[in-house]
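K.L.:
One structure coming up, written as structure tokens, with questions to follow.
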Amino acid sequence: MMLLAAAATPAPQITVKFVTPPEVQFNRRGDSTLTVMVGKNSQTVTLDGIPDPADPDNVFLSLKPITLAFDKKFGGTVHLKARLFLCDARNGVCTVQELEKQVRLRPGQPLALVWKVDAESR
């Protein structure tokens, strides 16, 4: 069974960081989420972010990295699906993007994933 929390023991874990161009922000009117699927099990977490001082109720400037920890003995494929509420501050256009990635974890090893959200994925 997987756990979604900060890892306190040397267990396999993924730290996911979403990176966008400066003009792309996250709309707080919709919850940006990350769904983690391992085999037949899945969990969805709501992503938190850094509020825009100019509009803290509606905009995250960026999302905070999230660490996903798994059972100590886990090793294998993890499927990640992000649902992101994005706004292009330059053009005033907001969209919902669904992006997917697969990663392979090795028992006891951490993985840092920098997930780039660029013009191609908007």
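The values are calculated or read from the model by the stated rules, or taken from the named source; none is laboratory data. Here the structure is a predicted model, which means the values were calculated and not measured. Every residue, glycine among them, receives a Cβ derived from its backbone with ideal geometry; neighbour counts consider all protein chains shown.
K.L.:
So, Leu68, is that one within 18 Å of Ile14 (Cα to Cα), in contact with a Leu (Cβ under 8 Å, 6 or more places away or on another chain) and buried (at least 17 other Cβ atoms within 10 Å of the Cβ) or not?
P.N.:
The answer is yes for Leu68.
K.L.:
For Arg122, only one of the following conditions fails: (1) modelled with pLDDT under 95; (2) loosely packed, with under 12 Cβ neighbours inside 10 Å; (3) within 16 Å of the chain's Cα centre (by Cα). What is its number?
P.N.:
The one condition Arg122 does not meet is (2).
K.L.:
Can you tell me which residues in segment 7-41 are among the aliphatic types (A, V, I, L, M) and loosely packed, with under 12 Cβ neighbours inside 10 Å?
P.N.:
Selection gives Ala8 alone.
K.L.:
State which residue is nearest to the chain's Cα centre (by Cα) when the search covers only segment 90-109 and only residues that are surrounded by 15 or more Cβ atoms within 10 Å (Cβ to Cβ) and touching a residue at least 40 places away in the same chain (Cβ under 8 Å).
P.N.:
Leu105
K.L.:
Residues that are closer than 26 Å to Gly75 by Cβ, at least 3 per element: which strands (runs of 3 or more DSSP E) completely within segment 5-57 meet that?
P.N.:
Ranges flagged: 13-19, 33-38, 41-46.
K.L.:
Select from segment 22-71 the residues that are more than 16 Å from the chain's Cα centre (by Cα), over 30 Å from Pro107 (Cβ atoms) and of a type in the set (Lys, Arg) and list them in ascending order.
P.N.:
Result: Arg29, single match.
K.L.:
Cβ-Cβ under 6 Å, sequence separation 6+ or interchain: first residue in segment 27-44 and within 16 Å of Val103 (Cβ to Cβ) and free of Cβ contacts under 8 Å to residues at least 60 places away in the same chain, partner part of a loop (DSSP other than H, G, I, E, B) and among the basic types (Lys, Arg). Which pairs?
P.N.:
Listed pairs, sorted by first residue: none to list.
K.L.:
Got a sec? Which of Asp71, Asp31 is modelled with pLDDT of 90 or more and among the acidic types (Asp, Glu)?
P.N.:
Criteria check complete, one pass: Asp31.
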